[in-house]
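So the structure is just underneath, and the comments pick up after that.
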Amino acid sequence: MGVDLVLEAFDPAALLAAFTARAEGAGGIVSFTGHARSTNRAGEAIEELRLDIYRGMTLASMEDITKAACARFDITHTHVVHRYGSIRPGEAIVFVATAAPHRRAAFDAADFMMDRLKTQAIFWKQEVGPTGKYWIEPTAADHQDVARWDMRQDKNNARN
Amino acid sequence: MSTFSVELCGCLADPYGRHVTLEEASAEMSVAELLAKLIAAYPALSSAMAGRAVRACVNEALVLEDSLVRMGDDIALFPPVSGG
């Protein structure tokens, strides 16, 4: 299990290769990479994304999300890497990898972790474009994405 | 006099920057008192906080408004998070 906050650009392929080596013996490995978009929801250009953090608490929130996934799904390894600071369109922002004996748990755990990262991780996100700077908050769709896990019964879901 | 240093996160840093300080006679106060004194000293924080559920973080833990903060504590104010 690992969480990292990084200021500089990272190489998702290299992270996946290293993760795969660590997860030797896993039956399924899933990774997701989120990239900075070049336009916002209104179709306007984004020149830069700025991610603000409060380092200790941001890392703790990422660790909490990882622990929740490990408690809920039959996974053996996870790795979350998140950028902060200034990010250009097209650059990777977040990398999530999971490994499990069987594919379903790896898929579900990665999906679950991303939904929580998008709504509950301690980041403050600002889009910078030609018309100014705008702080953004999770959308209704983001909240719906994370709420669907509350209604599911997974093998290790402590709620059931 | 006691100096309280407060770190402002996200949009709360827009009007005055990342760090602000308060000079107070008392060496401790509640979070609610701290917020009121901050807004009095830095009035533009009022609009930055308006309509937002601002949380206080003291020594790397989120605390309630009746919690006490003391001079020397690591104090930060969090607006609602954006998520990653």
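Bear in mind these aren't lab numbers, they're just calculated from the coordinates by the rules spelled out. In this text, all values refer to a predicted model and were calculated from it rather than measured experimentally. A quick note on method: Cβ atoms are made from the backbone with ideal geometry, for glycine too, and the neighbour counts reach across all protein chains shown.
I want to confirm something. Restricting to the stretch A:70-101 and keeping residues that are within 13 Å of A:Asp154 (Cβ to Cβ) and not β-branched (Val, Ile, Thr), which single residue is surrounded by the fewest Cβ atoms within 10 Å (Cβ to Cβ)? Give the derivation first.
Filtering the stretch A:70-101 for residues within 13 Å of A:Asp154 (Cβ to Cβ) gives A:70-75, A:100.
This time we only want the ones that are not β-branched (Val, Ile, Thr), so: A:70-74, A:100.
Details: A:Cys70: 18, A:Ala71: 11, A:Arg72: 20, A:Phe73: 24, A:Asp74: 16, A:Ala100: 24.
Ranking the qualifying residues of the stretch A:70-101, first place goes to A:Ala71.
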note = Picking from B:Leu38, B:Leu62, B:Leu45, the residue that is within 25 Å of A:Ala60 (Cα to Cα) and out of contact with any Gly (no Cβ under 9 Å at 6 or more places or on another chain) would be B:Leu62
ask   = Can you tell me which residues in the stretch B:56-76 are under 18 Å from B:Gly10 (Cβ atoms) and at the interface with chain A (Cβ under 10 Å from one of its Cβ atoms)?
value = B:Cys57, B:Glu60, B:Leu62, B:Asp74, B:Ala76
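Determine which member of the set B:Leu38, B:Leu12, B:Leu34, B:Leu45 is more than 14 Å from chain A (Cβ to nearest Cβ) and touching a Pro at 6+ places or on another chain (Cβ under 7 Å). Write out each step before concluding.
Details: B:Leu38 fails: touching a Pro at 6+ places or on another chain (Cβ under 7 Å); B:Leu12 fails: more than 14 Å from chain A (Cβ to nearest Cβ); B:Leu34 fails: touching a Pro at 6+ places or on another chain (Cβ under 7 Å).
After ruling out the rest, the residue left standing is B:Leu45.
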query = Can you tell me which residue in the stretch B:27-84 is nearest to A:Thr33 (Cα to Cα), limited to those that are without any contact (Cβ under 8 Å) to a residue 60 or more places away in the chain and among the hydroxyl-bearing types (Ser, Thr, Tyr)?
reply = B:Ser47
query = Restricting the search to the stretch A:50-76, which residues are touching a Lys or Arg at 6+ places or on another chain (Cβ under 6 Å) and over 18 Å from A:Lys125 (Cα atoms)?
reply = A:Ile65
task = Exactly one condition in (1) closer than 20 Å to B:Cys9 by Cβ; (2) in contact (Cβ under 8 Å) with a residue 12 or more places away in the chain is not met by A:Ala106; state its number.
result = (1)
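Mind listing whichever residues of the stretch A:126-145 are more than 7 Å from every other protein chain (Cβ to nearest Cβ) and not in a loop (DSSP other than H, G, I, E, B)? Spell out how you get there, then give the answer.
At the first step, the residues of the stretch A:126-145 found to be more than 7 Å from every other protein chain (Cβ to nearest Cβ) are A:126-134, A:139-141, A:143-145.
Matches in the stretch A:126-145: A:Gln126, A:Glu127, A:Val128, A:Gly129, A:Gly132, A:Lys133, A:Tyr134, A:Ala140, A:Ala141, A:His143, A:Gln144, A:Asp145.
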inquiry  = Looking only at the stretch A:6-32, how many residues end up being over 15 Å from A:Glu91 (Cβ atoms) and part of a strand (DSSP E or B)?
reply    = 5
message = Quick check on the stretch B:1-26: of everything there that is without any contact (Cβ under 8 Å) to a residue 40 or more places away in the chain and closer than 21 Å to B:Glu60 by Cα, which residue is surrounded by the fewest Cβ atoms within 10 Å (Cβ to Cβ)?
response = B:Gly17
